[in-house]
Amino acid sequence: MTIAACLLCLWPLVATLAKAQDLTPAQFEDGDVVCLIGDSITHSRKYHSYVYDYYLTRFPERRIRFVNRGIAGDSAGGAVWRFDWDIAPTRPNVACIMFGMNDVSRGLYGKENPDEANLAARRAALDRHRENQLALAQRLKAAFDPRFVFITPSPYDDTAQIETENLFGVNAALATCGEYAAELAAQMGGGVVDFGGPMTALNLEHQRQDPSFTIVGPDRVHPGDVGMLVMAYLFLRAQQVPAVVSQLTLDGETGRVEACENAQVSEVAAGPEGLEFDYLQYALPFPVEPGAAGALELVPFMAELNRETLAVKLKRGGAYRLLIDGEEVGRYTSEELGAGVNLAANSRTPQHRQAQALHAVNERRRGLEVRLRSHAQIRMMLLRANVEEADEVAVRAYFDDFLAKNPSNAGYFRSQFDNYLKTGPEREPIEAQIEELVQQLWRQNRPVSHHYQIVQVDS
């Protein structure tokens, strides 16, 4: 059996476990506080921010808070250790948990012909992960009884032919973590989101044509924005959220409304030159970030999650101008309009601009949270080393000693330490800024009515 076949045999076990019971994660509802608990892929990456973008644009009436509780380098055991001072204060009623990348002890892998001691250490690491995931879920259950979403870890790419050292076998260990996540969801009455299986399959599919392809990234661990949007797609598809932003079908000759979904249309007037109408959609299109747009070539995001369809049936052929609020946003043939155009892909519409402005505010919120998470990362290190945070001399001595002992990561940790020192006195003002941005998001995501005109282009 080939390496690829072995990998694909492991991940489907997660899907089998999920199908044995209904482990569909519930959609987020009005008033939810969604706590995202994980490692670096939660700490500073964007998948959950993209999911928040979806909820902000698709359900503008829902007041949902996303709270980041990822810490780079952390494990399920670390989350249990920091539960009281870091996780519990968020008081979540939804807990999304993704660990595994650090739990499996990646340094144990990549060795040819591992001896029994190495294999035993691998098994012990997986056993600890399983125990700690259960302990974390039990702590959350006892304190808040939240709805659970257990996320299988995103893959370690040990099949791409790239320069980074390949610790082969890590992804198989992560698949085992995924099995544990599905088992725990069944035990705790939660849902499952599978990142590992579909992302591994995407890697293998594209690596058949390009062995250097990776959806994960050059370090084999941390997906970039394209991978993050794929992860958001998988998360939202698991929740079975609606694909439709809005859908409108009009008879262009009579102005008759044949179909209207998630919107209302009024003041329809048809004439020899075309038609016009007022249109209030109840949602906004999803704002695809330019740096993540490559994901649209990997997964059917637009078709399955971002359909803002306008269809106009016209007997007269030729080209037509589409104007919204007096501004031309595109030209389409009568055949294109008859079949329906997806305006979610049109960057010139006012709805698209509103959604992109909303995304920009959400990115500012996410950036401030990352800053606080980086502070929490260093705070966790100090607390574990029994260094008194108020003792500036002791704190700086710890930093200097740590950097001297970890020269290969000195640049990264120096920036994290600098952030810790700068952010400490500003934590409360930053939290206040985040709250202001959340309130701004809830004001700014309200759709408004627009005036549409469809006018035939002069031949």
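The values are calculated or read from the model by the stated rules, or taken from the named source; none is laboratory data. Source: prediction; values computed, not measured. Neighbour counts are summed over all protein chains in view; Cβ atoms, including those assigned to glycine, are modelled from backbone coordinates with ideal geometry.
Go through the residues of the stretch 152-159 one by one and say whether even a single one is part of a loop (DSSP other than H, G, I, E, B) and surrounded by fewer than 19 Cβ atoms within 10 Å (Cβ to Cβ). No, the stretch 152-159 contains no residue that is part of a loop (DSSP other than H, G, I, E, B) and surrounded by fewer than 19 Cβ atoms within 10 Å (Cβ to Cβ). Within the stretch 90-106, is even one residue assigned to a helix (DSSP H, G or I) and farther than 16 Å from Leu372 by Cα? Checked against the condition, which is being assigned to a helix (DSSP H, G or I) and farther than 16 Å from Leu372 by Cα, the stretch 90-106 yields at least one hit. Taking every residue in the stretch 423-437 that is in the same structural domain as Phe66 (by TED's automatic domain parsing) and touching a residue at least 40 places away in the same chain (Cβ under 8 Å) and pairing it with any residue that is part of a helix (DSSP H, G or I) and exposed (fewer than 14 other Cβ atoms within 10 Å of the Cβ), at least 6 positions away or on another chain, yields no pair with a Cβ-Cβ distance below 6 Å.
Out of the residues in the stretch 248-276 that are of a type outside the set (S, T, N, Q) and not in a strand (DSSP E or B), state the one that is farthest from Ala295 (Cα to Cα).
Filtering the stretch 248-276 for residues that are of a type outside the set (S, T, N, Q) and not in a strand (DSSP E or B), the one farthest from Ala295 (Cα to Cα) comes out as Pro272.
Of the candidates Glu289, Glu273, Glu261, Glu297, the single residue that is farther than 12 Å from Tyr50 by Cβ, surrounded by 14 or more Cβ atoms within 10 Å (Cβ to Cβ), outside the structural domain of Arg58 (by TED's automatic domain parsing) and of a type outside the set (A, V, I, L, M) is Glu261. Of all residues in the stretch 355-384, exactly one satisfies the criterion of being crowded, with 20+ Cβ neighbours inside 10 Å and over 30 Å from Ile87 (Cβ atoms), namely Ala355.
Of the residues Leu204, Leu229, Leu236, the single one that is in contact with a helix residue (DSSP H, G or I) (Cβ under 9 Å, 6 or more places away or on another chain), farther than 27 Å from Phe28 by Cβ and either modelled with pLDDT of 95 or more or surrounded by fewer than 18 Cβ atoms within 10 Å (Cβ to Cβ) (or both) is Leu204. Among the residues making up the stretch 72-90, those that are hydrophobic (A, V, I, L, M, F, W, C) and farther than 16 Å from Ile378 by Cα are Ala76, Val80, Ala88. Here Ala182 passes the criteria (1) among the aliphatic types (A, V, I, L, M); (2) in contact with a Phe, Trp or Tyr (Cβ under 9 Å, 6 or more places away or on another chain); (3) surrounded by fewer than 22 Cβ atoms within 10 Å (Cβ to Cβ) except the one numbered (3). A single member of Glu431, Glu388 is at pLDDT 95 or above, charged (D, E, K, R), touching a helix residue (DSSP H, G or I) at 6+ places or on another chain (Cβ under 8 Å) and more than 30 Å from Ala357 (Cα to Cα), and it is Glu388. Evaluating Val80 against the criteria (1) of a type outside the set (D, E, K, R); (2) over 25 Å from Ala357 (Cα atoms); (3) touching a residue at least 60 places away in the same chain (Cβ under 8 Å) leaves one unmet condition, (3). Being of a type in the set (A, V, I, L, M), at pLDDT 95 or above and either out of contact with any Asp or Glu (no Cβ under 7 Å at 6 or more places or on another chain) or surrounded by fewer than 24 Cβ atoms within 10 Å (Cβ to Cβ) (or both) holds for only one residue in Ala79, Ala20, and it is Ala79. Annotation: of all residues in the stretch 414-446 being surrounded by 15 or more Cβ atoms within 10 Å (Cβ to Cβ) and of a type in the set (Ser, Thr, Tyr), the one that is nearest to Phe399 (Cα to Cα) is Tyr420.
Specify which of the listed residues (Ser415, Ser408, Ser374) is of a type outside the set (Asp, Glu), at pLDDT below 95, at negative phi and not assigned by TED's automatic domain parsing to the domain that holds Asp84.
Ser408 is the lone residue from the list that is of a type outside the set (Asp, Glu), at pLDDT below 95, at negative phi and not assigned by TED's automatic domain parsing to the domain that holds Asp84.
Residue check: Val216 meets all listed conditions (1) in a helix (DSSP H, G or I); (2) in contact with an Asp or Glu (Cβ under 7 Å, 6 or more places away or on another chain) but one, namely (1).
Taking the condition within 26 Å of Gln356 (Cα to Cα), assigned to a strand (DSSP E or B) and under 29 Å from the mean Cα position of the chain (by Cα), does Val245 pass? Criteria met by Val245.
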